[in-house]
1. Is there a residue being without any contact (Cβ under 8 Å) to a residue 40 or more places away in the chain, within 16 Å of Phe170 (Cα to Cα) and basic (Lys, Arg) anywhere in region 219-229?
2. From Met2, Met20, grab the single residue that is in contact with a helix residue (DSSP H, G or I) (Cβ under 7 Å, 6 or more places away or on another chain), surrounded by fewer than 16 Cβ atoms within 10 Å (Cβ to Cβ) and not small (Gly, Ala, Ser).
3. Tell me, which helices (runs of 4 or more DSSP H) lie completely within region 190-299 with 2 or more residues that are within 23 Å of Leu161 (Cα to Cα) and hydrophobic (A, V, I, L, M, F, W, C)?
4. Say we look at region 122-145 and pick out the residues that are assigned to a loop (DSSP other than H, G, I, E, B) and crowded, with 17+ Cβ neighbours inside 10 Å; which of these is modelled with the lowest pLDDT?
5. Taking region 1-25 only, how many residues are closer than 18 Å to Pro58 by Cβ and part of a helix (DSSP H, G or I)?
6. Can you name every residue in region 146-189 that is assigned to a loop (DSSP other than H, G, I, E, B), loosely packed, with under 14 Cβ neighbours inside 10 Å and acidic (Asp, Glu)?
7. It is to be established whether one or more residues within region 30-50 are small (Gly, Ala, Ser), over 35 Å from the mean Cα position of the chain (by Cα) and more than 18 Å from Arg5 (Cα to Cα).
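The values are calculated or read from the model by the stated rules, or taken from the named source; none is laboratory data. As the structure is a prediction and not an experimental result, all values here were calculated from the model. We place every Cβ from the backbone using ideal geometry, glycine too, and count neighbours over all the protein chains shown.
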Amino acid sequence: MMNLRHIEVFHAVYSNGSVMGAARELNVSQPSISKVLAHAESRLGFPLFRRVRGRLVPTEEAHILFREADEVQGRVRSIRQTAKNLRGGVGAWLRLAVLPALGLDAAPAAVSELLAAHPASRVDIQTLHHDEMVRSLLERDCDLAVGYDLPEHPRIGTIDLAEGELVALFRRDRLADPADRLDLASLDGGEFITLANSGPLGTLFSSEASGQELDLDARISVRTFYVAAGLVRAGAGIAVVDEYTARASAGSDLDFRPLEPALPFRVQAMHLDDRPPSRLGATFLRALGRILTAPKAGA
């Protein structure tokens, strides 16, 4: 089947739309590109391109293969960059996956601390939803994943970083003189933005609302906490979100209060059992833990 050279040439031809462009990108001759491409098609048993009016047009099989080839090329580029960094004396590389809610404020602050202490290091940070984190670790797309009440897995270890809680986020002009803690029942009857399908925190909230037999008027359903915060700011209603989204969003127009009874959750980091956190990863987790557990500003 296809080897790495086949994939590299196929990717270059597909991306450039021509043998000439691929040859220029890879700094080789056009006959060399054509030879490798023909060999790849022979090994595969089907054509990757058809010539239409002098242009190379990808086949349907090529479109499907390109998605995979693009991922492979991304990993190859990452390996080359890492090798270049090591050769040039650049420090360690840390790949992080965090929930979008943590990507608003806490994770960037922790990364900033990390790079201030280790300026030669490099960090790659991506945001993922809860149900994507285990896959990202198992496929080795990241070194550490940070989220809320993360799932157990036999190949993955977890580290508790902090305990947060759900809060009600609202426009200041919507709730006059709110109590220090808000009973969910006090939100009943108002316009509500629900995160019922947003993973474990959505389940936590839904269980509590169901236990109190509340029928909140959920006109909008979202999966991402910062989208809920944007809707609140736009005047679409009140939302129950994690406290870290609320703390990052609060200001002159938005305020928040914890709920009564409290609905706590854990902030955790995950890593593969056979790849515990590196020194750089451990430094990041300590910084993130400090930020998450810092005294909370008054609402």
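1. Within region 219-229, one or more residues are without any contact (Cβ under 8 Å) to a residue 40 or more places away in the chain, within 16 Å of Phe170 (Cα to Cα) and basic (Lys, Arg).
2. So the residue among Met2, Met20 that is in contact with a helix residue (DSSP H, G or I) (Cβ under 7 Å, 6 or more places away or on another chain), surrounded by fewer than 16 Cβ atoms within 10 Å (Cβ to Cβ) and not small (Gly, Ala, Ser) is Met20.
3. In region 190-299, 200-211, 243-249, 279-292 are the helices (runs of 4 or more DSSP H) which contain 2 or more residues that are within 23 Å of Leu161 (Cα to Cα) and hydrophobic (A, V, I, L, M, F, W, C).
4. Asp141
5. Residues that pass the stated criteria total 17.
6. Matches in region 146-189: Glu152, Asp173, Asp177, Asp180.
7. no
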